[in-house]
Amino acid sequence: MSDTIPIIEASHFLMGFGILLMLLIGTYASRYYQVQRNLFYLLLAFFTLSFGVVIYTTDWIYFLIAWEGITIITTAMILLAERRLAAQYFLIQFVGSNILYFAIIMALGEGYSNIVPLEEPWLQMLFILGLGTKSALLGLHFWLPPVHSRAHAPVSALLSGWSVNVGFVMMLRLLPEGNNILFFIGLAMIFYGGAMAFFSTDYQVLLAYSTLSQLGYIALGIGSGTLLGQIGAVLHMVVHGIAKTTLFLGSGLWEKECNGRIIYRFERAFYRHPVNAVSTIAGFSSLMGMVFLAGFHTKNLIKHGTEDIYATGFLLYGATLITVLYAMRFLWWGILKDMVMKSVQNRREKITCTYPPSVSEHVPLIIGTALLLAFGIYPPLMYMFLQLEDPGIVILWWPTMIENILFLVVGIALLALTEGLFFPLKPVPSLNRMLGLVITISQKVSNSIFQLLFPSFQYQLLWIPLIILFLLLWTNFI
Amino acid sequence: MIFSPLLLILLPLGTAFLIPLVDLFHVETRRLMVIISASFSLFLGFAALWSAWPELLAGTFFHSYHLSGWLPPLGINLAFDSLGLLFSSLVTLFSFLIIVYSIGFIGHHEGKYYVLLFLFQAGCQGIVMTGDIFNLYVFIELSAITSYALIAFERDRSSLEATIKYMVYGILAGVFIFLGIIIIYRSLGTLNIAEIADNFHRIPLTLQRTSVVFLLTGLLIKLGVFPFHFWMAKVYGSAPASISALLSGTLAKVNIYILLRLFWVGTGFSVLREAGWDRFLLGIALLSTILGHVLALREREVKRMLAFSSMGHMGMIVAVLSLNTPLGLFAGLLHAVFHALMKTGLFLSAGYFLRFREGPKEKRFTGAAYRKLPIFIGFIIFALSMIGIPPLNGFFSKWFTMQAFLEKDVYPAIALIYSGNILGLIYYLPFVRQGMLGKESIMKQKSTSSPTPGFFYQERFVTTVVYILILLVMSSGLLPFVFQEPFEVMIAELTEPIRYIEHVLGGIIHE
């Protein structure tokens, strides 16, 4: 087996599952978007096309065109929900793209006429910065919770499940040897995202922070530069993509059924939407890395690939605990609480569903759950799709199962002792204040420069003799 | 070439003189004449380009016309080389588009307006074709004087103020250019550009530099580079949108042509370089780039914002040209062409909303998206192109510009372009937002467009022109490499002025 992951096969793998996810989102959206359905499908098709170009091309210009294509398409999708949010998202992504332009110009200056692995550490850093804006690396992630929580559910599913991967695929191609800074950023992301998700009270904000935490694993795998880490990262992109798509699509149903996304107000959710509840449980279990679900294997791969580096193996136990805690907390408040607490008679009461899901909304959830289970129970399936032989990690099932059970017990004990870890409601994060400040400051600066530079007319004209004199005497100055 | 290049000047000039005559008898005929003359002029421009294309690619394109058969250096001559052809095509194209646009746009005193517009076109064509420096001055003044009147065309307080300001600057610029020409004529006894280029080194150094300083100052005033940018916002903000588009899209590019013709061919760039003025030029051009973008942030009126953005982009073009490398010249020429397309599009699409709406000027842009969505989307496309989103054309010219700066290690310039992009987004966003507000009030409001007698609705002319520009911006973004070969020929002409001299003087070259 070679030292680095075969990138072409990985691209085929990602592209294949990308198309599958687009189909799932498209199926779901057929009921969600009743007015702008065709527009949404068009955008989805263009998104898939741009994604394909980004991961396959070796030409910088095509890459940039497709990259900006993704920015514009996702902006247009957010525009379906909210104008101001779309503008804010575009502004932030555009700043990132400009860093990327700069990085590419610098790479061209260094003689990289095609997309090939980079040698210079400073160039690698520039690319991590530029790509990181779209992939929400820690420090550049601030747009992610507001956007994911306020965009429509299918759009959030697309952004969180798939769009964030684009940057990581590029990082994999540019940094096959890994990068220490990316590694540490990934480690920090896992803990930061997990902690923020733990304290969230809004379901979609929780999911957004959970995305941040899971992207940390991908960054970790790529940053490590080991083969196992990279395979784990690629597989985790897909597995996390499936899980997050399922969860976000489900969140759209919860939102309509429960009139909001506050997790304390999910009443008798299981009885109202049983399919959705099962897929939600499966999605979160995969994120937690429970056995028999796909996340278990991908996280194990990343763990094996990185455990020798700076005691990461040990830290990752803590990371799993955090994931278990935020997932359990949501599952308790959202789904399990009513099943456990309500009396038998109460349970038998007739359930009236305010928003019965249609078949087109159930199908993506079922397929997503089935895929997570299939990959979890028979992992060689993933390697088969990746056209890679089994990396041959010996996974001891019993100890890991016991480990899983231990984590669950800790989670349940904590929930029981603290009465479900209730935190007061928090406002949904917003970008308005930050960007409002940027715009106000820029206008103030502009105004003061204007006042400084635009004196009365006669003084404006004084510049002319000054410049002529200056030019005539210029040769004496130099 | 299949016809004399003189026709490209004579046709608009002749139309301008005929319009008042025809207007006396029959207004409808005048309207028809305007369209026919503009279309014929466009046809001539394209025929010239079409027939010259093979020669252009081979690098042998050159046409001269000797007035009354007097040969240079004695007679006045037109010297039409590939650089001239490029800018002449630009002038033809934009003049045609703006004349068609104006049919639906102006709506009062049309006779006078078209006289001025055609004179302006003749002036610009003259500038890019003449091989005589005094003729150049005459044509500069012709275009300047007509533009004074055109800017004041709205006849309100602000446009009169703007015109007076522009006139003071324009006349001063003219005086300086004239002074420079006088010094050269006094020293060399010739006005032919090729002859000047051949002999410029014979002038004593002090006089050389004095003449260059006067010419340069005059041109910088015309280009609106810092610290001579004060007239720009006022003029572009108060003139009718079609005229603002003409000034920023066409006249500014013609001024770039004069800059190239005078300092790369006429005096030779070495004069600038030896005196160190190329660095000065780079410095102030970069300063005006950043100032233009920063000052645009405060503007709440769309045309004033576009004016400051123009200042930024013109600064960038001058900066990258002043590097005097083949890549720099290529990037500068490309951005000049693309900027003309984008800025004309922006002014014309904004002008549409300002013209066919009622109410105070600052509020007319509100609800633009509901007034006419395709035009508003066009506005957004032009703006996206301006801030360099691939695959629109602005991206490519900026791409080459950055490479040119990188080649010369001018890193601050690269940083300035990026900050210009981001600032650009920040100052375009409020207008996009404003355009999406106030749906209800728009729906109630009626269009102020009325049918032009004998033709279809006024609005139709205006929208068609904007659609054409959208197509041009998008297609030139998809095919930026079409420009590569012809531009390389032009750059060779600029870097080796001896070719121009040989073409004009036909081998009579002094030591």
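The values are calculated or read from the model by the stated rules, or taken from the named source; none is laboratory data. These figures come from a predicted structure and were not determined experimentally. Here Cβ is always computed from backbone atoms with ideal geometry, including for glycine, and neighbour counts include all displayed protein chains.
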Within region B:256-308, track down each residue that is more than 29 Å from B:Ile491 (Cα to Cα), at the interface with chain A (Cβ under 10 Å from one of its Cβ atoms) and part of a loop (DSSP other than H, G, I, E, B). B:Leu297, B:Arg298, B:Glu299, B:Arg300
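From A:Gly232, A:Gly221, A:Gly241, A:Gly260, grab the single residue that is in contact with a helix residue (DSSP H, G or I) (Cβ under 6 Å, 6 or more places away or on another chain), under 20 Å from A:Tyr326 (Cβ atoms) and not hydrophobic (A, V, I, L, M, F, W, C). Let's see the steps before the verdict.
On the way: A:Gly232 fails: under 20 Å from A:Tyr326 (Cβ atoms); A:Gly221 fails: under 20 Å from A:Tyr326 (Cβ atoms); A:Gly260 fails: in contact with a helix residue (DSSP H, G or I) (Cβ under 6 Å, 6 or more places away or on another chain).
Only one candidate passes the filter, namely A:Gly241.
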When you scan region A:326-340, do you find a residue that is in contact with a helix residue (DSSP H, G or I) (Cβ under 9 Å, 6 or more places away or on another chain) and surrounded by fewer than 16 Cβ atoms within 10 Å (Cβ to Cβ), even just one? yes
From the list A:Asn114, A:Asn98, which one is more than 8 Å from every other protein chain (Cβ to nearest Cβ) and of a type outside the set (Val, Ile, Thr)? A:Asn114
Regarding A:Val35, is this residue aliphatic (A, V, I, L, M) and part of a helix (DSSP H, G or I)? no
Any residue that is in the same structural domain as A:Leu207 (by TED's automatic domain parsing), under 21 Å from the mean Cα position of the chain (by Cα) and under 21 Å from A:Tyr32 (Cα atoms) - is there at least one of those in region A:225-235? no
Hey, any hits in region A:455-467 for a residue that's touching a helix residue (DSSP H, G or I) at 6+ places or on another chain (Cβ under 8 Å), in a helix (DSSP H, G or I) and either more than 14 Å from every other protein chain (Cβ to nearest Cβ) or within 28 Å of A:Ala197 (Cβ to Cβ) (or both)? no
Please state which one of B:Ser88, B:Ser37, B:Ser68 is part of a helix (DSSP H, G or I), under 22 Å from B:Val337 (Cα atoms) and among the small types (Gly, Ala, Ser). B:Ser88
Considering region A:227-261 alone, what residues qualify as being surrounded by 24 or more Cβ atoms within 10 Å (Cβ to Cβ) and either outside any helix (DSSP H, G or I) or among the aromatic types (Phe, Trp, Tyr) (or both)? A:Phe248, A:Trp254
Those residues of region B:418-432 that are in contact with a Ser or Thr (Cβ under 8 Å, 6 or more places away or on another chain) and facing chain A (nearest Cβ under 9 Å) come to a total of 3
Kindly evaluate A:Gly130 against the criterion of being in contact with a helix residue (DSSP H, G or I) (Cβ under 7 Å, 6 or more places away or on another chain) and either crowded, with 23+ Cβ neighbours inside 10 Å or among the acidic types (Asp, Glu) (or both). yes
Exactly one condition in (1) over 20 Å from A:Leu325 (Cβ atoms); (2) surrounded by fewer than 24 Cβ atoms within 10 Å (Cβ to Cβ); (3) among the aromatic types (Phe, Trp, Tyr) is not met by A:Phe191; state its number. (1)
Among the residues of region A:262-289, write down those that are part of a loop (DSSP other than H, G, I, E, B) and surrounded by fewer than 22 Cβ atoms within 10 Å (Cβ to Cβ). A:Glu267, A:Arg268
Anything in region B:360-393 that is more than 14 Å from chain A (Cβ to nearest Cβ), outside any helix (DSSP H, G or I) and under 23 Å from B:Phe461 (Cβ atoms)? List them, or say none. B:Arg364, B:Phe365, B:Lys372
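Condition check: touching a residue at least 24 places away in the same chain (Cβ under 8 Å), touching a Leu at 6+ places or on another chain (Cβ under 7 Å) and closer than 30 Å to B:Phe280 by Cα. Does B:Ala331 satisfy that?
Values: touching a residue at least 24 places away in the same chain (Cβ under 8 Å): yes; touching a Leu at 6+ places or on another chain (Cβ under 7 Å): no; closer than 30 Å to B:Phe280 by Cα: yes.
When the stated conditions are applied, B:Ala331 does not pass them.
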Output the residues belonging to region B:257-270 that are among the aliphatic types (A, V, I, L, M) and farther than 15 Å from B:Thr217 by Cα. B:Val265
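Pick out the one residue from A:Ala81, A:Ala76, A:Ala86, A:Ala107 that is touching a residue at least 60 places away in the same chain (Cβ under 8 Å) and among the small types (Gly, Ala, Ser). Before the answer, list the steps.
Details: A:Ala76 fails: touching a residue at least 60 places away in the same chain (Cβ under 8 Å); A:Ala86 fails: touching a residue at least 60 places away in the same chain (Cβ under 8 Å); A:Ala107 fails: touching a residue at least 60 places away in the same chain (Cβ under 8 Å).
Result: A:Ala81 is the single residue among A:Ala81, A:Ala76, A:Ala86, A:Ala107 that is touching a residue at least 60 places away in the same chain (Cβ under 8 Å) and among the small types (Gly, Ala, Ser).
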Contacts under 7 angstrom Cβ, first residue in region B:204-219 being within 11 Å of chain A (Cβ to nearest Cβ), partner not in a helix (DSSP H, G or I), 6 or more apart: B:Val212/B:Thr267
Inspect all residues belonging to region B:180-189 and state whether any of them is in a helix (DSSP H, G or I), within 18 Å of the chain's Cα centre (by Cα), within 14 Å of chain A (Cβ to nearest Cβ) and among the aliphatic types (A, V, I, L, M). no
Top-ranked residue in region A:51-89 [being within 9 Å of another protein chain (Cβ to nearest Cβ) and under 26 Å from A:Gln34 (Cα atoms); ranked as nearest to the chain's Cα centre (by Cα)]: A:Thr71
Based on this model, can you work out whether B:Phe80 counts as part of a helix (DSSP H, G or I), closer than 26 Å to B:Leu136 by Cβ and among the aromatic types (Phe, Trp, Tyr)? no
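Considering only region A:117-142, state which residues are more than 14 Å from every other protein chain (Cβ to nearest Cβ) and assigned to a helix (DSSP H, G or I). Steps first, answer last, please.
Of the residues in region A:117-142, the ones more than 14 Å from every other protein chain (Cβ to nearest Cβ) are A:117-121, A:124-125, A:127-128, A:131-132, A:134-142.
Result: A:Pro121, A:Gln124, A:Met125, A:Phe127, A:Ile128, A:Leu131, A:Gly132, A:Lys134, A:Ser135.
Given the structure, is A:Ala294 of a type in the set (Gly, Ala, Ser) and touching a residue at least 60 places away in the same chain (Cβ under 8 Å)?
Numbers: of a type in the set (Gly, Ala, Ser): yes; touching a residue at least 60 places away in the same chain (Cβ under 8 Å): yes.
Here the answer is yes, as A:Ala294 does meet what is asked.
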Look through region A:411-454, keep the residues that are free of Cβ contacts under 8 Å to residues at least 24 places away in the same chain and among the polar types (S, T, N, Q), and return whichever of them is farthest from the other protein chains (Cβ to nearest Cβ). A:Thr418
Look through A:Leu91, A:Leu126, A:Leu79 and report the one residue that is more than 27 Å from A:Ile185 (Cα to Cα) and either modelled with pLDDT of 90 or more or out of contact with any strand residue (DSSP E or B) (no Cβ under 9 Å at 6 or more places or on another chain) (or both). A:Leu79
